[in-house]
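First the structure, in the form of structure tokens, and then the observations on it.
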Amino acid sequence: MTEITPPVLVCFALPEEATPFQKRAPKSPAIQVLVTGMGRRNTERSLAAALAASKPALVLTCGLAGGLEPALAPNTVLFETDDSALATRLSSMGLRAARFHCANRIAVTAEEKAALRRETGADAVEMESGCIHAICRQHGVRCATVRVISDTAGEDLPLDFNALATSELKMDSVKLALAVARSPGRIPALLRLQRRVSGAAEELAEKLVALLDVKL
């Protein structure tokens with residue numbers, strides 16, 4: 001009888017973050033992708049259901065992150081984990097060890113990012129990894145954050161995306177369209193951000209595929 005190896009569960013908040021990895025990753029039952037939705041509530045619900053169905057060997061919490069440490073450039077891939085063997089592997093791949101702050105909102109302005117840096121000492125900010133690590137500790141599952149910088153500490157986002165989200169933390173297309181219509185001068189910045197995000201997601205996908213090409 002063939003031994004069934006527990007899979008690696010790769011979590012992303014949004015489909016746009018997951019798609020480049022799904023296109024590159026080998027089609028294998030050993031690699032499963034979970035799109036949780038943004039924020040703690042969506043993530044807890046999605047991950048709890050996934051862990052109830054099967055216990056993975058490893059959970060990776062992946063996607064974009066905002067820079068808090070001023071020296072971090074776009075497309076820098078960072079990691080955080082309590083697993084020493086996994087940390088060694090990630091470091092050997094050129095990924096940078098970092099501290100992440102799991103926030104309850106998108107950090108929109110350079111001023112907000114600077115305040116988070118002072119308050120938390122974290123290098124980057126996102127909205128899901130903290131609760132994923134907590135759930136994995138409860139279930140005795142290895143876990144690591146592997147995320148890529150999409151916007152730096154010193155830059156403002158072109159819009160306040162928190163104000164454009166629904167109560168379920170999904171982007172409201174009508175609110176977005178109205179915001180763009182009211183401020184058409186921000187369209188070039190939005191397009192630049194879109195290209196930046198796309199490139200960052202591709203960089204992350206490349207690193208994740210390389211990571212999962214070895215036995216962890």
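Worth a mention:
- Taking the criterion of being under 18 Å from Glu80 (Cα atoms) and surrounded by fewer than 18 Cβ atoms within 10 Å (Cβ to Cβ), the residues of the range 104-129 that qualify are Thr120, Gly121.
- Breaking point among (1) assigned to a loop (DSSP other than H, G, I, E, B); (2) polar (S, T, N, Q); (3) under 16 Å from Arg99 (Cβ atoms), for Asn75: (3)
- The residues of the range 27-72 that are of a type in the set (D, E, K, R) and under 19 Å from His101 (Cβ atoms), listed by number, are Arg40, Arg41, Glu44, Glu69.
- Scanning the range 65-89 for residues that are modelled with pLDDT of 95 or more and in contact with a Leu (Cβ under 8 Å, 6 or more places away or on another chain) turns up Ala65, Leu68, Leu72, Val77, Leu78, Phe79, Thr81.
- Neighbours by Cβ (under 6 Å, 6+ apart or cross-chain): first from the range 53-81, closer than 18 Å to Gln194 by Cα; second among the polar types (S, T, N, Q) and in a loop (DSSP other than H, G, I, E, B): Gly67/Thr152
- Residues that are part of a helix (DSSP H, G or I) and of a type in the set (A, V, I, L, M) were ranked within the range 28-49; the one that is nearest to Thr61 (Cα to Cα) is Leu47.
- Residue list for the range 189-213, restricted to those being under 15 Å from the mean Cα position of the chain (by Cα) and over 17 Å from Pro158 (Cβ atoms): Ala201, Glu202, Glu203, Leu204, Ala205, Glu206, Lys207, Leu208
- Among the candidates Val108, Val125, the residue that is part of a loop (DSSP other than H, G, I, E, B), at pLDDT 95 or above, out of contact with any Cys (no Cβ under 6 Å at 6 or more places or on another chain) and not hydroxyl-bearing (Ser, Thr, Tyr) is uniquely Val108.
The values are calculated or read from the model by the stated rules, or taken from the named source; none is laboratory data. Just so you know, these numbers come straight off a predicted model, no measurement behind them. Please note: Cβ atoms are built from the backbone with ideal geometry, for glycine as well, and neighbour counts cover all protein chains shown.
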